[in-house]
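Structure first, commentary second.
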Amino acid sequence: MKAYWARVRNTAAELGSDGCSFATGAFRNCCLEHDISYRTGATVDGVPQTKEQSDLRFLACMQRSSRLGYYSPIAWIRYLIVKRWGKPKRADV
């Protein structure tokens, strides 16, 4: 799993991603993964994703990273923000 997150961090850096605004350690990788999807329309492994899929994957990642799991208020708040106002920087959206 460490290799996967290293690829996420490297790819995000190549794309110029800064992660989420004010993201803390636990959610930083999730934010970078979400940025990759928003910018490329795919996961770091190249699997195509819609905006909705990207946003749901972001929520699941944050929930897995939180001690509160499914009930993490920060995960839900960040998810609702990107669901409503997130704008992918790719041509297909």
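The values are calculated or read from the model by the stated rules, or taken from the named source; none is laboratory data. A quick note: this is a predicted structure, and the numbers were derived from the prediction, not measured. So basically every Cβ, Gly included, is an ideal-geometry build from the backbone, and we count neighbours across all protein chains shown. Surface accessibility is based on the protein's heavy atoms, side chains included, excluding ligands, DNA and RNA. Shrake-Rupley method; radii C 1.70, N 1.55, O 1.52, S 1.80 Å.
Points to keep in mind about this one:
- For the set S21, S65, solvent exposure ranked by accessible area (probe 1.4 Å, protein chains only) runs largest to smallest as S21, S65.
- Extending 7 Å from the Cα toward the beta-carbon at both A26 and N10 defines two label points whose distance is 2.9 nm.
- Pairs of C-alpha atoms in the chain farther apart than 21 Å represent 23 percent of all such pairs.
- Dipole orientation for the chain: of the candidates Q53, I81, A13, I81 has the Cα lying most toward the positive pole (charges on Cβ; Lys, Arg +1; Asp, Glu -1).
- Each part gets one Cα centre, and for segment 1-25 versus segment 26-48 those centres are 8 Å apart.
- Spin-label model distance (nm) - R57 vs A42, 7 Å beyond Cα toward Cβ: 1.1 nm
- Per residue value of the accessible surface for the chain (all protein chains in place, 1.4 Å probe), Å²: 64 Å²
- R0 of 30 Å, Cβ-Cβ distance T50-Y71: FRET efficiency to nearest 0.05: 0.70
- Protein-only accessible surface at a 1.4 angstrom probe places the residues M1, M62 in the order M1, M62, largest first.
- Using heavy atoms of the protein chains and a probe of 1.4 Å, the accessible area assigned to D35 is about 30 Å².
- With helices as the sole contributors, the chain gives -20500 deg cm²/dmol at 222 nm; each DSSP H run of n ≥ 4 counts as -39500 (n - 2.57), and the sum is divided by every residue.
- Sequence of K83, K2, K89 from largest to smallest accessible area, 1.4 Å probe: K2, K89, K83
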